[in-house]
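Below is one structure, written out as structure tokens; the observations come after it.
A short reminder: the numbers here are calculations on the coordinates, not readings from a lab. Note that the structure is a prediction, hence the values are computed from the model and not measured. Cβ coordinates were reconstructed from backbone atoms using ideal geometry, including for glycine residues, and neighbour counts include every protein chain displayed.
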Amino acid sequence: MQAGKSVLLIIGGGVAAYKALLLIRLLKSAGIGVRTVLTKAGGQFVTPLSVGALSGEKVFTDLFDLTDEAEMGHIQLSRAADLVVVVPATADLMAKMAAGLADDLATTLLLATDKDVLIAPAMNVRMWDHAATQANLATLRVRGVSVVGPDEGDMACGEYGPGRMAEPEAIFTAIQAKLGGGPRDLAGRRIVVTSGPTHEPIDPVRYIANRSSGKQGQAVASALAARGAEVVLISGPVRLDPPPGVETRKVETAREMMAATLAALPADAVVCAAAVADYRVADAADQKLKKADGAGRSLTLVENPDILATVSALPQGERPPLVVGFAAETQDVIAYASAKRERKGCDWIVANDVSQGVFGGDENRVTVIDAGGSEDWPRMGKDAVAERLAGRIAKAMA
Ligand code: CTP
């Protein structure tokens, strides 16, 4: 549906510039036109020759090439595309955008455009965390600039943390959403997604929880919504903003999550991505427990209801036709997850090995298990996992 649309792709100067080449291929194969601008710094990382060969168009690099207006003026260039995308958006480019500087072709176009702008930041973790960059980011967001990433992970500079550019697939998905394109193959479907951890109170100030960030569940909710589904996200306490285009209902405990999930039915599918606490404290205290009472104290735990098993066991007619669970395992992933699928009665289970930094991180490596067998997916960003899962769900419901 986005075929025939076009993107003005500004390639900034960072190691991640090579990912812009992969992005150009994804855009072209979707029939989206790509006109490229390579900044001077960007040209240190990728060559105009490779960019031009992939985009099939002239690569623009110099403002003064354009100012004689012989072929196309910079104003026209800034407005001819449906969307302006900056990949990678370096700290410097973000600062210039926030300040409204226009000292080269890229920044001039960004100031002159009347089109939506999407940026994919990439920089060293300290540069990203710096108050100046965060203030620039906030300014750009307020002005309506869309932001994809950055991810958290190992960086080319040897450090670890947020700052690594989003994967090309995730940027591509964000572009599709901005262009209003992408397959709308879930239009008219209602899908409930559970996500995040639950908090089980010990007393009014303490609780039992787990390390789930809610990123994978929210990414699934967004990917389903992007395909036109009406999505209800039942989210435990997370530090993320609720995803746009999704109805989010916030809960704290497993029992609240269960009640909210059942209340959101009927649905065509339920995806249980939440890391629900298996147990809660039997008699949570009404008042704060005092240290003096604590020595030798033990907490009695009682089992929480299992949302996935409950939804899967609903009688025919009430049971959503597709119920998908997740299985977080740290060993014997496939064996445990297959057993879990049978035990809980869901249709598919998305198994992931959470022994290596998956909780809280931006990447996931999953195996999708259904009645027919199992499907290994390569390690990829959580957005890309979500997009692929949404595609699989759409196909199953077609
Ligand atoms: N789940 C749920 N309600 C619960 C516990 C789990 O809906 N009370 C769902 C999760 O959302 C996930 C799936 O069940 O989709 C598997 O969760 P997991 O924590 O891996 O399974 P457990 O049943 O807790 O099994 P175990 O702790 O023994 O691995």
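Overview of values
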{"read-out": "Antiparallel %, DSSP beta bridges [both residues in the chain], to 5", "value": "30 percent"}
{"read-out": "Across 5/395; 19/215; 96/215; 115/382; 19/40, pairs whose alpha-carbon gap is larger than 20 Å", "value": "5/395; 19/215; 96/215; 115/382"}
{"read-out": "Nearest 10 degrees, 0 to 90: helix 254-263 Cα axis against the chain principal axis", "value": "70 degrees"}
{"read-out": "Environment charge at residue 59 (Cβ cut-off 11 Å; Lys +1, Arg +1, Asp -1, Glu -1)", "value": "-1"}
{"read-out": "Summed residue charge, Cβ within 12 Å of residue 226's Cβ, Lys/Arg positive, Asp/Glu negative", "value": "0"}
{"read-out": "J(HN,Hα) series, segment 300-308, from Karplus relation 6.51 cos²θ - 1.76 cosθ + 1.60, nearest Hz, glycine and proline x", "value": "8, 9, 10, 6, 7, x, 9, 5, 4"}
{"read-out": "Total formal charge among the other residues, if their Cβ is under 13 angstrom from that of residue 39, Lys/Arg +1 and Asp/Glu -1", "value": "-2"}
{"read-out": "P(r) tail fraction, segment 221-319 - alpha-carbon pairs more than 25 Å apart, %", "value": "34 percent"}
{"read-out": "In order through segment 265-270: 3J(HN,Hα) via Karplus (6.51 cos²θ - 1.76 cosθ + 1.60), integer Hz, x for Gly, Pro", "value": "7, x, 8, 7, 7, 10"}
{"read-out": "The chain: most fluctuating residue of 217, 31, 149 per GNM, C-alpha cutoff 10 Å", "value": "31"}
{"read-out": "For the chain, the fraction of alpha-carbon pairs in successive 20 Å shells from zero, as %", "value": "26, 50, 22, 3, 0"}
{"read-out": "Full-stretch length increase - residue 44, residue 142 - with 0.36 nm per residue and alpha-carbon distance subtracted", "value": "32.1 nm"}
{"read-out": "Nonlocal amide H pairs with residue 7, under 5 Å, H built at 1.01 Å", "value": "33, 34, 35, 82"}
{"read-out": "Against the rule of thumb 2.2 N^0.38 Å, how large the Cα Rg of segment 346-398 comes out", "value": "1.15"}
{"read-out": "Antiparallel DSSP beta bridges within segment 6-179, as percent of all bridges there, nearest 5", "value": "15 percent"}
{"read-out": "Share antiparallel - DSSP beta bridges, segment 148-290, percent rounded to 5", "value": "30 percent"}
{"read-out": "Equivalent ellipsoid dimensions for segment 33-147 as semi-axes, Å, which come from the Cα gyration tensor, largest first", "value": "24, 16, 13"}
{"read-out": "For the chain: relative contact order, % (alpha-carbon pairs under 8 angstrom, 6 or more apart)", "value": "12 percent"}
{"read-out": "Amide proton proximity set for residue 119, modelled H, under 5 Å, gap of 5+", "value": "86, 146, 147, 148"}
{"read-out": "P(r) of segment 60-219 over all Cα-Cα pairs, binned every 10 Å from zero, in whole percent", "value": "9, 28, 30, 21, 8, 3, 1, 0"}
{"read-out": "Relative packing of peptides 298-304, 277-283, 390-396 - highest average C-beta neighbours within 10 Å first", "value": "390-396, 277-283, 298-304"}
{"read-out": "Kirkwood Rh (inverse of mean 1/r, distinct Cα pairs), segment 190-397, angstrom", "value": "17.5 Å"}
